[in-house]
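Here's the structure, in structure tokens; my notes come after.
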Amino acid sequence: LLNKEYSLMDISQIQRVVTMLINAKRVIAVGKGSSGYAASEMESRFVRVGLNIDSLTDSDRIRMQSVFLKDGDTVVAFSISGKTDDIIYLLKQAHARGKKTIFFTAADSPVLHEFCDEVVLVASLEYLENGNLISPQFPMLLVLDLIYSEFINIDSVLKSAILEDTVTTLYKKDDKGFAQR
């Protein structure tokens with residue numbers, strides 16, 4: 001699975017995605033089921049370095065988001081199958097409204113390029129031996145790690161300081177050295 005993912009990797013695409021994230025005023029990450037975990041993980045990581053990002057995993061909230069899109073929004077969607085109705089709906093609506101769209105999927109379909117600025121291919125667990133024993137979001141998280149690393153490397157001093165401040169804020173210690181929340 002790891003080798004398959006690396007064979008799909010496109011470094012220039014990762015750099016384009018990072019540029020889209022940097023230029024976004026707000027990022028909305030969406031996914032359902034195991035793909036929803038990837039969307040939530042993206043929010044959890046990127047918010048700590050100052051990216052204005054929210055994640056949605058509920059069908060109704062994903063669909064409603066199309067109504068609330070604003071200038072400068074970028075939609076990042078996750079769906080292994082590439083066929084999740086709510087995800088496709090939001091991507092099409094966002095594209096029709098002129099928003100940037102990034103789609104992480106194992107589906108290599110030319111149709112997706114009609115409404116996605118970037119289709120980031122991830123390895124599929126289908127046809128892999130022991131595929132049911134490996135978490136389906138693993139390939140998405142691997143690509144997210146690379147994007148996160150590239151994102152941090154741009155203005156790394158500032159982003160590292162923001163990350164340190166967020167960790168310090170979350171886990172301040174009292175005068176006896178115990179973490180306080």
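Charge tally around K159: other residues with Cβ under 12 Å, Lys/Arg +1 each, Asp/Glu -1 each, net -2. Taking only the Cα atoms of the stretch 6-127, the radius of gyration and Dmax are 13.2, 41 Å.
Quick check: net charge around K70, other residues with Cβ under 11 Å of its Cβ, Lys/Arg +1 and Asp/Glu -1?
Local charge sum for K70: +2.
If you count Lys pairs in the stretch 1-109 whose Cα atoms are under 17 Å apart, skipping same-chain pairs closer than 8 places in sequence, the total is 10. Compute the signed sum of charges (Lys and Arg +1, Asp and Glu -1) over the other residues within less than 10 Å, Cβ to Cβ, of F103. Local charge sum for F103: -2. Rolling a 1.4 Å probe across all protein chains gives Y171 an accessible area of roughly 100 Å². Taking label positions 7 Å along the Cα-Cβ direction at both D71 and D85, the computed distance is 3.5 nm, reported to one decimal.
Taking only protein heavy atoms into account and a 1.4 Å probe, give the accessible area per residue of the stretch 16-82 in Å².
On the way: 2900 Å² over 67 residues.
About 43 Å² of surface per residue is accessible.
The solvent-accessible area of K100, taken with every protein chain present and a 1.4 Å probe, is close to 100 Å².
How much length would be gained if the chain were fully extended between H113 and R16, taking 0.36 nm per residue of separation minus their Cα-Cα distance, in nm to one decimal?
Details: separation 97, 0.36 × 97 = 34.92 nm, distance 1.50 nm.
The H113-R16 span can extend by a further 33.4 nm.
Extension gain for the segment L163 to H95, taken as residue separation times 0.36 nm less the Cα-Cα distance, is 21.3 nm to one decimal. Accessible-area rank, largest first, for I22, I62: I22, I62, with all protein chains present and a 1.4 angstrom probe.
The values are calculated or read from the model by the stated rules, or taken from the named source; none is laboratory data. Computed from a prediction, not measured in an experiment: that's the story for all the values here. Neighbour counts are summed over all protein chains in view; Cβ atoms, including those assigned to glycine, are modelled from backbone coordinates with ideal geometry. Note: accessible area is taken over every heavy atom of the protein model, side chains too, but ligands, DNA and RNA are not part of it. Shrake-Rupley method; radii C 1.70, N 1.55, O 1.52, S 1.80 Å.
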